[in-house]
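The values are calculated or read from the model by the stated rules, or taken from the named source; none is laboratory data. The model shown is predicted, which means the values in this text are computed figures rather than measured ones. Cβ sites come from the backbone with ideal geometry, for glycine too, and all protein chains shown count toward neighbours. Just the protein is used for accessible areas: all its heavy atoms, side chains included, with ligands, DNA and RNA removed. Shrake-Rupley method; radii C 1.70, N 1.55, O 1.52, S 1.80 Å.
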Amino acid sequence: VQLQASGGGLVQAGGSLRLSCAASRRSVTVLLMGWYRQAPGRQRELVATINSGGTTTYADFVKERFTCSRDAPTNTVTLQMNSLTPEDTAVYYCLFRSISFRDYWGQGTKVTVSS
């Protein structure tokens, strides 16, 4: 299964971006989808996840600025990011976890927020 992420780019502080990630195979049964990010010189960290039941989990730094959603029929997960700050600058990676607990990662999409 390959994941294709898109939607990154350059935005000014206070702006918005929408990231999307789709699986190459719609037949994969996914237990969990989500987003992680990695800023330069820092470890990869959780941003948001959504499970098969639609329950979402967010990192504290999201502070109601981001919304993670999924479209089950197309195996697509999106991350709507609002009120972006320079601290949100990072490479964002999507994650799919199958029902066999195997993790699949996207290639990463870069988000740069200018001040």
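General remarks:
- Percent RCO, i.e. relative contact order, over the chain, from Cα pairs under 8 Å lying at least 6 residues apart: 37
- Under 14 Å, Cβ to Cβ, from Asn75 - net charge with Lys/Arg +1 and Asp/Glu -1: +3
- Applying a 4.7 Å cutoff between beta carbons, the unpaired cysteines of the chain are Cys68.
- In the context of the full set of protein chains, residues of the chain present 54 Å² of accessible surface per residue (probe radius 1.4 Å, heavy atoms only).
- Normalised by the number of residues in the stretch 66-115, the average gap of Cα pairs under 8 Å and 6 or more apart makes the relative contact order 32 percent.
- Accessible surface of the chain, 1.4 Å probe, proportion on carbon and sulfur as whole %: 47
- Here the chain is scanned for trypsin sites (Lys or Arg not before Pro) in DSSP loops (not H, G, I, E, B) that have at most 16 other Cβ atoms within 10 Å, and the longest stretch holding none of them is 66-101.
- Relative contact order %, the stretch 35-86, counting alpha carbon pairs below 8 Å whose residues are six or more apart: 23
- The alpha carbons of the chain stretch over 42, 24, 23 Å along the principal axes, in descending order.
- Taking each residue as 0.36 nm, the span from Gln107 to Ser6 lengthens on full extension beyond its C-alpha to C-alpha distance by 35.4 nm.
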